[in-house]
1. First measure r as the distance between the Cβ atoms of D226 and E401, then evaluate 1/(1 + (r/R0)^6) with R0 = 56 Å and state the FRET efficiency to the nearest 0.05.
2. Taking the chain as the reference, fit the longest principal axis to its C-alpha atoms, fit the long axis of helix 55-66 to the helix C-alpha atoms, and give the angle between the two in degrees, 0 to 90, nearest 10.
3. Sequence neighbours fewer than 8 away in the same chain don't count; with that in mind, list the lysines whose C-alpha is under 17 Å from K400.
4. Working out 0.36 nm times the residue gap between I363 and R34, then minus their Cα-Cα distance, what length gain in nm do you get to one decimal?
5. T256 to Y78: FRET efficiency via 1/(1 + (r/R0)^6), r the Cβ-Cβ distance, R0 25 Å, to the nearest 0.05?
6. Jot down the radius of gyration and Dmax of the chain, Cα atoms only, both in angstrom.
7. So how exposed is D386, as accessible area in Å² (1.4 Å probe, rounded to 10)?
8. Roughly how many nanometres apart are two label points built 7 Å out from the Cα toward the Cβ at E309 and Q274?
Amino acid sequence: MSDTAEQGEDQTERRDQGAEPTTEEERTLERRKRRVAANRNAERALARLGFQSTLRERLAFVQEAAEPYDLDETSDMYGGGVVELLEKRVAELLGKEAAAFFPTGTMAQQVALRCWAGRTGNPTVALHPLAHPEVHERGAFSQVSGLRPVHVTSEPRQPTADEVRDVPEPFGTLMLELPLRDAGFVLPSWEELSAVVEAARERDAVVHFDGARLWESATHFGRPLDEIADLADSVYVSFYKSLEALGGAALVGPKTLIDEAKTWRHRYGGMVLQQFPTALTALAGLDRELPRLPAYVAHARVVAEALREGFATAGLPWTRVHPGQPHTNEFQVWLPYDPDTLAEAAIRQAEETKTALFANPWITKGPGLAFTEVYVRAAGLEWTADDVKAAVADFVIRLKEETAP
């Protein structure tokens, strides 16, 4: 047996015996386990994410999602049936000719950008360095699709029209992530977005929207989804990030593009035999969650302001809620502590008070500085501003206990 295998067995045995974790990997896994358990058991939370539910709960969710449909109808086979129904509905919602269902957003975007590269004759994609393909897809652009990214700006915000005009080399496609998650779920104004798209057109480039969270962006733009999507040549949307489906994504655009994308979907291994559970829950998300998103966005702004006031009252040396007024129902909170200290305070609060204020991991951004993402969903609508401030005060007490000498 190798040393690595023996080490793994030793770690498993220690966990089984309830021993304290001794390696950084063990400590990280143990903290994640505690965090998920504490948030699941909390009586109050700003968001309850479906993918953290138990298998029993998820199976019940699929059954509930299926109720409006004829369950005696023949099941889907390689994209027919209820999957095709979902594609038609999404295409209509976004005002595009056609849509293709994909098992993952990563696959959907790789295919879309590959197809555009073939049509424009230029494999260069202009995008933000914080965009999903650059941060979360392990170099799939270059390793799988033969594409070459070029960065429009290095600033942690949406690119401007002038920056698009000033990219020092030709590019075939401009990809815009709306909202830009890793910059704080930030969006441009409608006028700024229109100008950026026009700048790309001036350079004879096509425009693709990474709209994983486009659903909740309509409130910020003050425009319907089809009007937003009309700015782009193609759009990808996710079904699980905001709509609570089991997974899945869709690519929408001209029918000729979507027909080609379905060919590449097959080549990439995305022709799954049956996907009815995911499709049913996506349809349920469009029915139930999509109409609620404006209320989540509005309440996220209440929560953000209450957090800011709560931290000011608590007298912390420096805090930041970013953006100051959230553009969607998700935003960042920055605090001047290391992530382990913040995580422990947040977990203890959820464990001891059954109130989960900060349910997501804390990420280091420099010495003694970390941030977390805050999501506001249906559960968060129950929180008043005073509830948030009280939870902040309790969190700060635990934070000070963690940092006491």
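1. After rounding, the FRET efficiency stands at 0.65.
2. Once rounded, one gets 40 degrees.
3. K389
4. 116.7 nm is the gain from fully extending I363 to R34.
5. Once the sixth-power term is evaluated, E becomes 0.75.
6. Cα only, the chain: 22.5, 66 Å (Rg, Dmax).
7. In the full protein context, D386 sits at about 110 Å².
8. 5.3
The values are calculated or read from the model by the stated rules, or taken from the named source; none is laboratory data. Bear in mind that the values here come from a model prediction, so they are computed numbers and not experimental data. Neighbour counts run over all protein chains shown; Cβ positions are idealised from the backbone, glycine included. Calculation scope for accessible area: heavy atoms of the full protein, side chains included, ligands and nucleic acids excluded. Shrake-Rupley method; radii C 1.70, N 1.55, O 1.52, S 1.80 Å.
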